[in-house]
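Undergrad: Encoded as structure tokens, here's the structure I'll be asking about.
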Amino acid sequence: MNALLHAHSGLRYVVLVLLLAAIATAYSKWQGAHTDDSKLYSFALISAHIQLLLGLILYVMSPKVDFSLISDRLYRFFTLEHSLMMLIAIVLITVGRVRSRKVEGAAKHRTVLYFYVLALVLILIAIPWPFRDLGAGWF
Ligand code: HEM
């Protein structure tokens, strides 16, 4: 459980870096009217899916997931807010990637850009950053 939690916590930075790199690539390829694909789009998707897998295991094991304590801010955050927002963000990344594969030309990169930016905003909001006082650290 401890190892899993550390993996889930540290992987956040991998997801964030890959998402940012994919977004920057999508923007420049869209502006440059490039038509080729980028592996970064898939790498970001894969990192998000690994995070989802770890998150689902934590969801079953974590003492911070408890519907009977939902009136408490900390339990509500992990039971509902964090998990649901992350799930939506990962669905957005998946839909963005799948759609981008179906369209040709610069629209491919615009699709990735819109979906990934939206997902990034959700992820940044849903991370239990230390300054939010939810008992989680930087790593
Ligand atoms: C990109 C997606 C995600 C990111 C970046 C992320 C990030 C994090 C971080 C930073 C923590 C705090 C770890 C700590 O206390 O050191 C955490 C905890 C947690 N996450 Fe996620 N998470 C993601 C997706 C998910 C998903 C999809 C679920 C569930 C379906 C989930 C379930 C949990 C649970 C239950 C905890 C609390 C574990 C505990 O402290 O007992 N996460 N997450």
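The values are calculated or read from the model by the stated rules, or taken from the named source; none is laboratory data. Keep in mind the model is a prediction, meaning the values are calculated, not measured. Note: accessible area is taken over every heavy atom of the protein model, side chains too, but ligands, DNA and RNA are not part of it. Shrake-Rupley method; radii C 1.70, N 1.55, O 1.52, S 1.80 Å.
Undergrad: What lysines could a cross-link reach from Lys102, if we take a straight Cα to Cα line under 28 Å and drop same-chain neighbours fewer than 8 places away?
TA: Lys29, Lys39
Undergrad: May I ask you to give the percent of accessible area on the chain that is carbon plus sulfur, with a probe radius of 1.4 Å?
TA: Ligands and nucleic acids excluded, carbon and sulfur give 71 percent.
Undergrad: As a test question: what accessible area, to the nearest 10 Å², does Val60 have when a 1.4 Å probe is rolled over all protein chains in place?
TA: Answer for Val60: close to 130 Å² accessible.
Undergrad: Where in the chain are the DSSP H helices whose C-alpha atoms run 15 Å or more along the long axis and whose mean Kyte hydropathy is at least 1.6?
TA: 39-61, 107-126
Undergrad: For the chain, set up a GNM with springs between Cα atoms under 10 Å and report which of Arg97, Arg76, Arg12 has the largest fluctuation.
TA: It is Arg76.
Undergrad: Right, another one. Could you please put Glu104, Glu81 in sequence from largest to smallest accessible area, using a 1.4 Å probe?
TA: Glu104, Glu81
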